[in-house]
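The values are calculated or read from the model by the stated rules, or taken from the named source; none is laboratory data. The structure presented is a predicted model; accordingly, all values stated were derived computationally and were not measured. Note: ideal-geometry Cβ built from the backbone for every residue, glycine included; neighbour counts use all protein chains shown.
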Amino acid sequence: MHFYKNPYVDRPKRHEIKTLLTYPQFVELRQRVLGILVPDKNMTDPDGYRIQSVYMDDAFDSAYREKDSGVQHRNKFRIRAYNGSDDYIVLENKEKADDRIMKSSLRIAREDYDGILAGDFTSLLRYDHPLAKQVYTLHTTKGLRPVVIVEYEREAYTHPLSMVRITFDKAVAAGTNTLDMFDPNLVTRPIFDSREVILEVKYGGYFPMYLKQLLQNNGQKLAVSKFVQCCDKLRTNYIILPSHPASAATRQIGECHE
């Protein structure tokens, strides 16, 4: 009998807590955080930096459905860039096993990103990296493909003496007319009506008690991801994004699924 061996088993694992804040709660909490934490090294602007991610899902909407199904080992694949620039594009898998989060990433070239958007994943084969092989295999066997753009402004702060990282994600929005985050005609729609902010707390094995006390009783625990929220926003508004030209393998998977 053959057992699945996770190729990322030795990666650092972390806890992640998500909370939805009202805008006044965010303003108050940020003032308290600034007295204890320091801005992340990527925070060149006090208002934060812009993150755009193209999330992928398979022909069976596994990433979207697994959260509600209570699957304990889940994967979310995305391609991410910062501040609208294609200088640094990264392919990522955010993997959750029970209550721990692990992330693997691979920097890819702009032409590889363009190929994936066009439905051609073959350029990933030139990378000697397990994530590239994993994404290519899921594309050919389960029809993994881009499904939604998630965009937001992030403020990030770290604790100087521990591995705690706190982020405020503002103006969370879903792309409504394209799956290309570099499209100059990209149109986004906010997923919150009252400027709510998502607070994320990430830590390893140690979470200082005074930080717990600082953050407690602030906001509402968030049960779903930004990816799911953006998908829901599009579905609620009956927005169907144009898909890329499917490969022969993906078309066959889709026909079987129908």
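Quick notes
For (1) buried (at least 16 other Cβ atoms within 10 Å of the Cβ); (2) farther than 18 Å from Ser225 by Cα; (3) in contact with an Asp or Glu (Cβ under 6 Å, 6 or more places away or on another chain); (4) free of Cβ contacts under 8 Å to residues at least 12 places away in the same chain, each residue gets a yes or a no:
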position	(1), (2), (3), (4)
Asp114	no, yes, no, yes
Asp120	no, yes, no, no
Ser123	yes, yes, yes, no
Leu138	yes, yes, no, no
Leu144	yes, yes, yes, no
Glu151	yes, no, no, no
Glu155	yes, no, no, no
Ile166	yes, no, no, no
Ala174	yes, no, no, no
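- Unmet requirement for Lys170, which otherwise passes all of (1) closer than 16 Å to Glu92 by Cβ; (2) under 19 Å from the mean Cα position of the chain (by Cα); (3) basic (Lys, Arg): (1)
- Within segment 101-112, the set of residues being among the small types (Gly, Ala, Ser), free of Cβ contacts under 8 Å to residues at least 40 places away in the same chain and closer than 17 Å to Tyr55 by Cβ comprises just one member, Ser105.
- The requirement of being in a helix (DSSP H, G or I), of a type in the set (Asp, Glu) and modelled with pLDDT of 95 or more is satisfied by Asp112.
- Looking across segment 113-164, the residues that are hydroxyl-bearing (Ser, Thr, Tyr) and touching a Leu at 6+ places or on another chain (Cβ under 9 Å) come down to Tyr113, Tyr127, Tyr136, Thr137, Tyr157, Thr158, Ser162.
- Pair list, Cβ < 9 Å and 6+ apart or interchain, from segment 176-195 residues that are modelled with pLDDT under 95 to residues that are aromatic (Phe, Trp, Tyr): Ser194/Tyr23; Arg195/Tyr23; Arg195/Phe26
- Scan of segment 133-167 for residues that are under 27 Å from Val187 (Cβ atoms), assigned to a strand (DSSP E or B) and in contact with a helix residue (DSSP H, G or I) (Cβ under 9 Å, 6 or more places away or on another chain), ordered by number: Arg145, Pro146, Val147, Val148, Ile149, Val150, Glu151, Tyr152, Glu155
- Test result for His129, more than 19 Å from the chain's Cα centre (by Cα) and more than 22 Å from Met43 (Cβ to Cβ): yes
- Qualifying position, being at pLDDT below 90, aliphatic (A, V, I, L, M), farther than 24 Å from His139 by Cβ and touching an Asp or Glu at 6+ places or on another chain (Cβ under 9 Å), among Val224, Val201: Val224
- The residue of segment 28-70 that is farthest from Lys212 (Cα to Cα), among those that are at pLDDT below 90 and not in a loop (DSSP other than H, G, I, E, B), is Arg65.
- Screening His129 with (1) buried (at least 20 other Cβ atoms within 10 Å of the Cβ); (2) modelled with pLDDT of 95 or more gives one miss only, at (1).
- Checked against (1) part of a helix (DSSP H, G or I); (2) closer than 20 Å to Tyr64 by Cα, Ala174 meets all criteria but (1).
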